[in-house]
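S.K.: Let me give you the structure first, and then I'll get to my questions.
The values are calculated or read from the model by the stated rules, or taken from the named source; none is laboratory data. This is a predicted model, so every value here is computed, not measured. Cβ: placed from backbone, ideal geometry, glycine included. Neighbour counts: every protein chain shown.
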Amino acid sequence: MASNFSFPEMTAAEIAEALHSYGIAPRANLRAEDIASPQPNLLSAVLSLFLTNIAGDDLDQQLGFEALGALDNPEYHLGALQVMRLYQRAREFLGSIQFRSFTLRDLLHPDQRRVVLVLSAIINYLHFRQDKLNLLEPIVDEFPNYDERQMELKARIAEYQKTIEDHERKEQMEEPTVQQLEAEVNGLKQKIQEYNRQQKALRGKAKAIDDKKEEILSKISQADFELMKQTQENSKLLSKVVQSPEKLQRALEEKKAARAELKNLEKMAMQNVQEKINILEMYTKASEKLSRHSSKISSLQEQTTAAKTAEKEVKALNAKISDGTVEMKTLGVKTAEWQAKVHETEQRLKAKEKERDERIAYNNRKMATLKSEVEGKLQCLEDREKKVAEKIAKDADLCSQVESAGVAARRKQDEIYAKFVVIFEAANHYMDTIDHSLDQVEEAEKNTSGQSVA
């Protein structure tokens with residue numbers, strides 16, 4: 001039976017010499033004749049020694065000695081479990097070197113041809129392995145101080161372990177302080193949430209005040225428009241003769257009501273201005289408190305960040321030390337990465353502080369703008385108050401003029417009413433005359449129609 005992968009076939013003498021040179025000969029007096037006419041257990045003994053001594057397989061160590069004894073006792077046979085274990089390991093190894101035609105018959109009842117093929121494959125692999133080891137020897141010779149380096153690394157590992165233990169002890173000692181700081185930080189976070197809620201409520205109140213202010217301004221503009229309209233109506237009344245004293249009286253009452261409403265609006269505007277001043281003072285105090293608490297929070301966050309960073313570094317060092325000498329070579333790179341992370345964290349912290357300062361400055365500018373806006377509104381309200389007072393004085397003069405015009409109008413109305421009575425009586429007399437004439441005409445028509453019928 002030919003194998004699927006061709007190996008250079010060796011002679012029996014070459015195989016015996018190679019088995020002795022690599023130390024996998026089942027017995028010391030193994031000769032070429034033993035390979036040419038092999039015993040049934042020869043191949044199993046060689047495979048057992050090869051897998052145990054060279055391949056480093058975890059076969060039962062007694063398997064090799066039992067196989068050695070099988071050469072002196074041809075009737076000796078391995079147990080079924082041992083045979084299956086040896087066959088599985090041998091097949092896996094031979095398959096890894098591209099010798100895939102190995103079967104259980106080769107192990108139990110091998111012929112001379114198959115024994116030579118299998119042993120040639122194993123010896124060719126050993127030659128190839130020895131060539132590669134010879135190529136690696138100069139590389140190994142370039143590092144003669146490997147043991148010293150290993151001892152130095154072990155000493156450094158012990159030093160790092162001692163440093164980690166010291167750090168853990170310090171961490172345990174500082175744990176109450178950290179817990180206290182965490183409690184303080186949680187308390188400050190709750191205060192910040194309360195301040196945020198208060199600030200939100202104040203913003204809602206400020207928005208409501210702005211809405212009221214806009215409503216008052218709209219009412220003032222509407223009052224101005226109504227006042228202008230009333231002025232136009234007064235000018236029309238002056239240019240025309242008043243024919244209805246009742247309408248004039250209603251207009252006067254409406255003007256008095258409008259004047260009272262203007263006074264009420266003026267009082268409400270002053271009250272709103274005073275409320276805005278109080279809210280402005282409250283905003284200022286809240287901003288100062290927030291700035292103080294934010295500075296405390298930033299310092300506590302720096303301490304907490306430093307503690308957490310130290311804890312992460314300790315965990316990372318524990319993980320790296322457990323990896324052995326290979327991980328020690330990467331400690332320098334990891335240290336650089338940690339320093340970069342620390343630098344990046346510091347940069348982020350500075351950015352956060354800068355953002356906080358910018359927000360505080362923005363709030364201060366907004367407060368100053370609001371204050372100037374309120375002062376401007378107060379000045380506008382004072383100017384409007386003066387204008388309203390002037391308009392009220394003008395309205396009083398107009399009212400007096402309207403009253404005098406009303407007296408004259410009532411006199412004129414009496415005269416017109418007297419004339420109306422005279423005209424009404426004349427019209428009634430005229431209508432009676434017309435009715436009498438119509439009755440006479442109807443009677444004449446009836447008489448005329450009766451005569452024509454007769």
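S.K.: Pick out the one residue from V342, V314 that is modelled with pLDDT under 75 and under 18 Å from S299 (Cα atoms).
M.R.: Exactly one of V342, V314 is modelled with pLDDT under 75 and under 18 Å from S299 (Cα atoms), namely V342.
S.K.: Can we say R356 is in contact (Cβ under 8 Å) with a residue 60 or more places away in the chain and closer than 30 Å to S235 by Cα?
M.R.: no
S.K.: Is there any pair linking a residue in segment 389-412 that is over 15 Å from Q232 (Cα atoms) and in a helix (DSSP H, G or I) to one that is among the polar types (S, T, N, Q) and at pLDDT below 75, with Cβ under 9 Å and at least six apart or on different chains, and which?
M.R.: G406/Q249; A409/Q243; A409/S244; K412/Q243
S.K.: Could you pull out the residue among K162, K212, K255, K200 that is surrounded by 12 or more Cβ atoms within 10 Å (Cβ to Cβ) and at pLDDT 80 or above?
M.R.: K212
S.K.: Please go through segment 146-190 and give me each residue that is touching a Leu at 6+ places or on another chain (Cβ under 8 Å), of a type in the set (A, V, I, L, M, F, W, C) and more than 30 Å from R292 (Cα to Cα), ordered by number.
M.R.: I164
S.K.: From the list E415, E443, E425, E385, pick out the single residue that is surrounded by 12 or more Cβ atoms within 10 Å (Cβ to Cβ), at pLDDT 70 or above and of a type outside the set (S, T, N, Q).
M.R.: E385
Table: residues versus (1) polar (S, T, N, Q); (2) modelled with pLDDT of 85 or more; (3) assigned by TED's automatic domain parsing to the domain that holds P38.
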| site | (1), (2), (3) |
| --- | --- |
| G69 | no, no, yes |
| L78 | no, no, yes |
| L86 | no, yes, yes |
| R89 | no, yes, yes |
| Q98 | yes, yes, yes |
| R114 | no, yes, yes |
| D131 | no, yes, yes |
| N134 | yes, yes, yes |
